[in-house]
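The values are calculated or read from the model by the stated rules, or taken from the named source; none is laboratory data. As the structure is a computational prediction, the values presented were derived from the model and not from experiment. Quick reminder, even Gly has a Cβ in these numbers, built from the backbone with ideal geometry, and neighbours come from all protein chains shown.
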C-alpha cells in the first residue's frame, strides 16, 4: 500500500491520501483523544505524541500537529494509517457515523430558499476546493444577512482561513445571493 502526502495551506496540517475511500458519506473530525474513541483509526493517530487533531474526508486523512516536527511524526502516522487499512478494520467504530448534523443548523422561517442556495453553492463550489487542501466547510446557520460556517480539518486554525472566508466564500455568496452580507466562522 502506498500512501501519498500533500502539504496544506496550514503548516501544522498534513494531508494523507491512502488511495482508498476513507469516509463514504460526510466527514468526521476529532479534536481530542476523547472524541477519537469513536474511530479506531483516529484513536491510533492520537496515540502518536504531537497529534492534536484528525479529520477524515472522502479519500483523505488530515492530521494536525503541535510543535513537533513533521519528519518525526510522518513515519508513525503513515505506519498507523497503513496498518489500519491493511487490517480491514472499520474507520468508525460502534455505529458512529460522520459529524454532519443538519439538526444543528439555524435560520429563520421563510429563509429556506436562501439557505438552499447557500448550501448548493457550498456543496458545488466551495467544499470541493477546500477538500483539495485537506479541510471542509459546512453550513451552520443564516441570520440577519450573516452566514455562519463551520471550518474543519486543515481549515480549522489555518492562517489563511480568514482570507478564504472573507475574500473567497463571502464574495462568492454575496455575488449570487444579495441577501448575504457577511460570512463568519463558528
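Evaluate the following for residue 71: is it outside the structural domain of residue 178 (by TED's automatic domain parsing) and without any contact (Cβ under 8 Å) to a residue 12 or more places away in the chain? Give the steps one after another, and end with the answer.
On the way: outside the structural domain of residue 178 (by TED's automatic domain parsing): yes; without any contact (Cβ under 8 Å) to a residue 12 or more places away in the chain: yes.
Yes, satisfied.
Residues of the stretch 157-186 being more than 24 Å from residue 113 (Cα to Cα) and surrounded by 18 or more Cβ atoms within 10 Å (Cβ to Cβ), which ones?
158, 161, 164
Only one of (1) more than 17 Å from residue 156 (Cβ to Cβ); (2) in a loop (DSSP other than H, G, I, E, B) is not met by residue 26, so which one is it?
Condition (1) is where residue 26 drops out.
Scan the stretch 42-51 and tell me whether some residue there is within 20 Å of residue 160 (Cα to Cα) and under 17 Å from the mean Cα position of the chain (by Cα).
The answer is no; no qualifying residue exists.
If you take the residues of the stretch 28-41 that are closer than 17 Å to residue 17 by Cα and under 11 Å from the mean Cα position of the chain (by Cα), which of them is surrounded by the fewest Cβ atoms within 10 Å (Cβ to Cβ)?
Within the stretch 28-41, the subset closer than 17 Å to residue 17 by Cα is 28-29, 41.
Retained after the next criterion (residues that are under 11 Å from the mean Cα position of the chain (by Cα)): 28-29.
On the way: 28: 27, 29: 21.
That would be 29.
Could you identify the single residue in 56, 46, 16 that is free of Cβ contacts under 8 Å to residues at least 24 places away in the same chain, assigned by TED's automatic domain parsing to the domain that holds residue 81, closer than 21 Å to residue 75 by Cβ and surrounded by 15 or more Cβ atoms within 10 Å (Cβ to Cβ)? Please lay out each step first, then the result.
On the way: 56 fails: free of Cβ contacts under 8 Å to residues at least 24 places away in the same chain; 16 fails: free of Cβ contacts under 8 Å to residues at least 24 places away in the same chain.
The match here is 46.
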